[in-house]
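The values are calculated or read from the model by the stated rules, or taken from the named source; none is laboratory data. Please read these numbers as outputs of a predicted model, since none were measured by experiment. Cβ: placed from backbone, ideal geometry, glycine included. Neighbour counts: every protein chain shown.
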């Protein structure tokens with residue numbers, strides 16, 4: 001906040017602000033680590049990372065800056081056996097598109113955002129497939145990429161439901177003086 | 001914090017994304033150029049997360065078991081009938097096995113037979129899915145006092161699971177037989193035909209390169225082959241299944257999608273180690 005004289009905030013208030021700013025990234029990290037557990041569903045880590053990153057990039061881009069997305073992508077690549085860097089590139093591209101279209105997306109209904117997210121998940125899965133194919137110089141199964149896209153698109157409503165509740169709580173907390 | 005003018009700050013904010021995307025491509029090239037670095041980073045992260053996963057494994061298993069139990073309740077009647085029938089069949093087999101054991105003991109007494117040493121093994125818990133979209137692997141939590149070596153063979157209670165490809169101080173990664181990079185030399189137990197079991201990332205690996213004129217029979221048992229000195233002969237792998245499209249596949253005995261414990265056997269074999277992209281062979285002293 002520049003140019004507005006504010007009373008120095010108390011310690012609790014500041015802790016509160018920090019927690020609120022850090023929640024999207026740390027929450028995503030935690031979810032990804034849990035998703036890496038032995039669930040028997042392949043590709044759950046990227047399917048958990050993408051909805052969180054797109055949601056926060058659209059609704060709270062300040063708390064999901066590009067460096068955080070970079071680190072989350074790196075974590076995704078290290079948690080899975082994907083070629084290093086593919087997750088970073090796909091998530092950064094998804095983040096960039098989400099931020100570019102956020103003014104438009106924020107005003108739309110949930111169904112429309114979900115549809116847009118389906119596009120996001122298909123595009124990132126295709127990009128991930130392309131990068132994997134280029135790096136390994138052979139064609140991986142396209143079915144895996146489609147499974148990946150369908151899984152993250154299907155998981156989005158569940159994530160969005162919880163995250164939008166949390167987002168609402170955060171906004172209320174910010175509005176009360 | 002450094003105070004910057006607003007336009008400069010905005011310019012920096014606008015620049016950060018392209019710079020990071022460029023850095024991401026750089027990471028990609030780095031990971032491609034130095035596979036060892038990626039592997040080290042991966043195993044360091046796995047080591048760091050292993051205690052967390054180990055703590056988390058207990059409640060996760062409780063949840064999974066509850067769900068499974070509920071599903072089993074639904075099919076209890078059918079299951080009971082099937083089990084009764086199976087029990088009957090197994091009793092007959094038991095009788096046959098006991099008779100054979102007796103005969104074997106008698107025959108052994110007539111020979112100067114030195115029994116094989118039972119191989120040493122450690123049991124480890126599967127704590128995380130180490131694969132991802134295009135790979136099938138699991139992460140094991142290893143107590144520090146246990147020595148695990150790359151190339152060790154993992155079996156679950158039913159059969160062959162895969163091989164250890166990366167080893168950290170508290171964790172190890174096992175590349176499953178279903179992974180696309182997995183190539184396992186196998187023998188068909190009945191006909192003694194050799195073949196290659198090739199992973200496809202699907203539930204059933206394919207059978208390839210069998211000798212001409214000896215078509216694998218549906219339902220034939222598949223065991224590992226000692227060819228290539230990577231596996232001991234005769235570990236149970238699965239049974240042959242022909243698909244409708246005419247592809248020979250192996251239905252694994254092991255439940256690769258629902259592993260919770262695996263046994264790591266050290267047969268003292270080196271042989272061919274997993275491919276370069278997954279893990280580099282460790283330098284071994286020449287014998």
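Kindly indicate whether residue A:45 is touching a strand residue (DSSP E or B) at 6+ places or on another chain (Cβ under 9 Å) and facing chain B (nearest Cβ under 10 Å).
Yes; evaluated as a whole, the condition is true for this residue.
Among what's in the stretch A:152-177 and is touching a residue at least 60 places away in the same chain (Cβ under 8 Å) and over 15 Å from the mean Cα position of the chain (by Cα), pick the residue that is surrounded by the most Cβ atoms within 10 Å (Cβ to Cβ).
Once the filter is applied, the top-ranked residue is A:170.
Only helices (runs of 4 or more DSSP H) wholly contained in the stretch B:1-110 count here; list those with 2 or more residues that are without any contact (Cβ under 8 Å) to a residue 40 or more places away in the chain and touching a helix residue (DSSP H, G or I) at 6+ places or on another chain (Cβ under 9 Å).
Per the criteria, B:6-33, B:35-74.
Considering only the stretch A:121-144, I want to know if a residue exists there that is at the interface with chain B (Cβ under 8 Å from one of its Cβ atoms), at negative phi and not in a helix (DSSP H, G or I).
yes
To keep it simple, each residue is scored yes or no on (1) surrounded by fewer than 19 Cβ atoms within 10 Å (Cβ to Cβ); (2) within 17 Å of the chain's Cα centre (by Cα); (3) free of Cβ contacts under 8 Å to residues at least 60 places away in the same chain.
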| residue | (1), (2), (3) |
| --- | --- |
| A:66 | no, yes, yes |
| A:70 | no, yes, yes |
| A:73 | no, yes, yes |
| A:81 | no, no, yes |
| A:88 | no, yes, yes |
| A:128 | no, yes, no |
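Can you pull out every residue in the stretch B:229-251 that is part of a strand (DSSP E or B) and either buried (at least 17 other Cβ atoms within 10 Å of the Cβ) or over 19 Å from the mean Cα position of the chain (by Cα) (or both)?
B:236, B:237, B:238, B:239, B:240, B:241, B:242, B:248, B:249, B:250 - these are the residues of the stretch B:229-251 that are part of a strand (DSSP E or B) and either buried (at least 17 other Cβ atoms within 10 Å of the Cβ) or over 19 Å from the mean Cα position of the chain (by Cα) (or both).
Have a look at A:149, A:116 and point out the one that is surrounded by 15 or more Cβ atoms within 10 Å (Cβ to Cβ), more than 9 Å from chain B (Cβ to nearest Cβ), over 11 Å from residue A:54 (Cβ atoms) and at pLDDT 90 or above.
A:149
For residue B:131, are the conditions met, namely being within 14 Å of chain A (Cβ to nearest Cβ), part of a loop (DSSP other than H, G, I, E, B), within 28 Å of residue A:42 (Cα to Cα) and touching a strand residue (DSSP E or B) at 6+ places or on another chain (Cβ under 8 Å)? Steps first, answer last, please.
Numbers: within 14 Å of chain A (Cβ to nearest Cβ): yes; part of a loop (DSSP other than H, G, I, E, B): yes; within 28 Å of residue A:42 (Cα to Cα): yes; touching a strand residue (DSSP E or B) at 6+ places or on another chain (Cβ under 8 Å): yes.
Yes: the conditions hold for residue B:131.
Output the residues belonging to the stretch B:111-128 that are in a loop (DSSP other than H, G, I, E, B) and closer than 30 Å to residue B:52 by Cβ.
B:120
I want to confirm something. Restricting to the stretch B:134-157 and keeping residues that are within 13 Å of chain A (Cβ to nearest Cβ) and assigned to a loop (DSSP other than H, G, I, E, B), which single residue is surrounded by the fewest Cβ atoms within 10 Å (Cβ to Cβ)? Walk me through it before giving the result.
First pass over the stretch B:134-157, keeping only residues within 13 Å of chain A (Cβ to nearest Cβ): B:134-141, B:156.
With assigned to a loop (DSSP other than H, G, I, E, B) added as a condition, the list becomes B:134-136, B:156.
Values: B:134: 26, B:135: 28, B:136: 28, B:156: 20.
So, considering only residues that are within 13 Å of chain A (Cβ to nearest Cβ) and assigned to a loop (DSSP other than H, G, I, E, B), the one surrounded by the fewest Cβ atoms within 10 Å (Cβ to Cβ) is B:156.
From the set of residues in the stretch A:92-103 that are in a helix (DSSP H, G or I) and more than 12 Å from chain B (Cβ to nearest Cβ), which is surrounded by the fewest Cβ atoms within 10 Å (Cβ to Cβ)?
That would be A:103.
Those residues that are farther than 20 Å from residue A:125 by Cβ, part of a helix (DSSP H, G or I) and more than 8 Å from chain B (Cβ to nearest Cβ), I need them from the stretch A:57-91; list them, please.
Correct list: A:59, A:61, A:62, A:63, A:68, A:71.
Do you know which residues across the stretch B:158-184 are assigned to a loop (DSSP other than H, G, I, E, B) and farther than 14 Å from residue B:50 by Cα? Break it down into steps so the answer makes sense when it comes.
Just the residues of the stretch B:158-184 that are assigned to a loop (DSSP other than H, G, I, E, B), to begin with: B:158-159, B:168-170, B:177-182.
Of everything in the stretch B:158-184, those that are assigned to a loop (DSSP other than H, G, I, E, B) and farther than 14 Å from residue B:50 by Cα turn out to be B:158, B:159, B:177, B:178, B:179, B:180, B:181, B:182.
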